[in-house]
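The values are calculated or read from the model by the stated rules, or taken from the named source; none is laboratory data. Everything quoted here is computed from the prediction, not taken from an experiment. Note that each Cβ is placed from the backbone with ideal geometry, even for glycine, and that neighbours are counted across all protein chains shown.
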Amino acid sequence: METNSLAMSPVDGGTGRKPTTVCIFGTGDFGRSLGLRLLQAGYAVVFGSRRPHNSSLLPRGAQALSHAEAARTSEVIFLAVHRENYDFLGTLSEELVGKVLVDVSNNPRLNQYPESNAEYLGKLVPGASVVKAFNTVSAWALQSGGLDANRQVLICGDDSESKEVVVDIAHSLGLTALDKGSLRAAGEIEDFPLQLFPLWRLPLAIGAGLLAAVFTYVVVLDVIFTRVTTGKDNSFRIMISLANKVFPIISLTMLALCYLPGVMAAFLQLYNGTKYKRFPDWLDRWMLCRKQLGLLALAFAFLHVLYTLVIPFRYFVRYKVVTWTISEMKANQSKFDNTVAWYTDSYISLGILGFAFYVLLGITSLPSVSNAVNWREFRFVQSKLGHLTLLLCTVHTILYGWNRFLRASAYRWYLPPAYMLSLVVPCVVLVLKLVLITPCVDRVVMRIRQGWERKPPPDVAPSKSNPSQQPLIL
């Protein structure tokens, strides 16, 4: 292979020029995977290595040379080595002048260095044009042909022509490219692969906290209270009976927490009289993780359904049914309560409907489904049907309790039953939503979200001839 500076060919459409030879520094997993994809895309690939003669692991068709020799073969060099091994670049300063140096490195942890790897590389090799790219794509994604969800390449750099060359390479590999701006954005791009489910942390913390609190509460009321007052041991109920109390309580509460921030945001806009004032940071974080809250709520709802389905197979339930049947036969009496039949069937029916809408909300949140509907359809399902789901599940819980709240025996140690606690947040959300959908309030909210402000800017005085500028008293 010739070692001239670069073999070039015009890009289709006359939009620019692209390299036919690409150099890669680094023969690790990512470097080899990238080299294989580049070869499949029609590029000639040259690897720069400390041990160029040991090239048995490199993809077939690639060439291995020393770093200096490899740098001379191409104008584009992918740097697939860790930051700790950048020292050898100092000896290649002359060979790297005018080259496009694509930094694909990541760090083991966040904020490991005071500056990003790409910015450090720009200072280390000032003669090269550094572009940060491909660090958000895994070696497995490259080997699998980009068939997984990780198909987007985030790119940043100070030279637009260099970024255009890298964008062309990404498109040639069947990947999409997103320009994030100058090299100052490299820190954000490098932090992206290190984030571990950032939007799931708050929902998981809320779910874990509710699980611990509610489980402790029901154990105290159902197990410890019985042991202290009667001396009976019914701790076996922890495994299924109490778990099947805890899961629906958490599910209903977390579903209500999905819609509570939206209601609060609407009331804040009403209070401020404008949509141009920022929400508090905690409310912003809360609203960003509503999807994750809903999916966790759906998971707890699934557990509730599964635990409910196994109830007839439990030894304790079968024992109670047989005992009750024998007692009825001995007493030679059988009484059918039509009222009990109505509320139990209604309770079950509303639970089935609520769970069906629950599943519909979860399906609509999938990217493949949400991308197939327009914004109005998505909003209808997630908002209108979401509040309907919350209403059905809340009424389902109310019918479960029926008239138990009137019985003094239900308040053990003067504490309310656990199901009553689960109704607090959903009822608050439904009442506030009912206020918001009343015509007089809804009209004001819609005007605010369309840009109307109760108080005009200081430099604009209200005009009597323009009613839209007149303050509206709520």
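Remarks
- Here the condition is being farther than 17 Å from Gly262 by Cβ and modelled with pLDDT of 95 or more; of Leu392, Leu406, it holds for Leu392 alone.
- Of the residues contained in the range 251-267, none is found to be touching a residue at least 12 places away in the same chain (Cβ under 8 Å) and outside any helix (DSSP H, G or I).
- In the condition set (1) in the same structural domain as Leu38 (by TED's automatic domain parsing); (2) of a type in the set (Gly, Ala, Ser); (3) at pLDDT 95 or above, Ala212 is compliant with all but (1).
- Any hit, the range 45-62, residues being under 20 Å from Lys163 (Cα atoms), in the same structural domain as Ser182 (by TED's automatic domain parsing) and either in a loop (DSSP other than H, G, I, E, B) or at pLDDT 90 or above (or both): yes
- Every residue from the range 285-304 that is in contact with a helix residue (DSSP H, G or I) (Cβ under 6 Å, 6 or more places away or on another chain) and closer than 19 Å to Met239 by Cβ: Phe300, Leu303, His304
- Of residues in the range 184-205 being crowded, with 20+ Cβ neighbours inside 10 Å and among the hydrophobic types (A, V, I, L, M, F, W, C), the one farthest from Asp281 (Cα to Cα): Ala186
- Restricting the range 417-445 to residues that are surrounded by 16 or more Cβ atoms within 10 Å (Cβ to Cβ) and in a loop (DSSP other than H, G, I, E, B) leaves a set whose member that is nearest to the chain's Cα centre (by Cα) is Leu423.
- Candidates Asp168, Asp191 - the one that is among the charged types (D, E, K, R) and closer than 23 Å to Gln40 by Cα: Asp168
- When Val137, Val131, Val102 are screened for being crowded, with 22+ Cβ neighbours inside 10 Å and touching a Gly at 6+ places or on another chain (Cβ under 6 Å), only Val131 passes.
- The helices (runs of 4 or more DSSP H) falling completely within the range 290-404 that include 2 or more residues that are surrounded by 11 or more Cβ atoms within 10 Å (Cβ to Cβ) and either under 37 Å from the mean Cα position of the chain (by Cα) or of a type in the set (Phe, Trp, Tyr) (or both) map to 290-309, 338-364, 367-370, 375-379, 386-401.
- With respect to the conditions (1) outside any helix (DSSP H, G or I); (2) at pLDDT below 90, Ile77 falls short on a single one, namely (2).
- For Arg454, the criteria (1) out of contact with any Ser or Thr (no Cβ under 9 Å at 6 or more places or on another chain); (2) in a loop (DSSP other than H, G, I, E, B) hold in every case but one, which is (1).
- Considering residues of the range 273-289 that are over 17 Å from Leu204 (Cα atoms) and in contact (Cβ under 8 Å) with a residue 24 or more places away in the chain only, the residue farthest from the chain's Cα centre (by Cα): Gly273
- With respect to being free of Cβ contacts under 8 Å to residues at least 40 places away in the same chain and under 19 Å from Val104 (Cα atoms), Arg50 fits the description.
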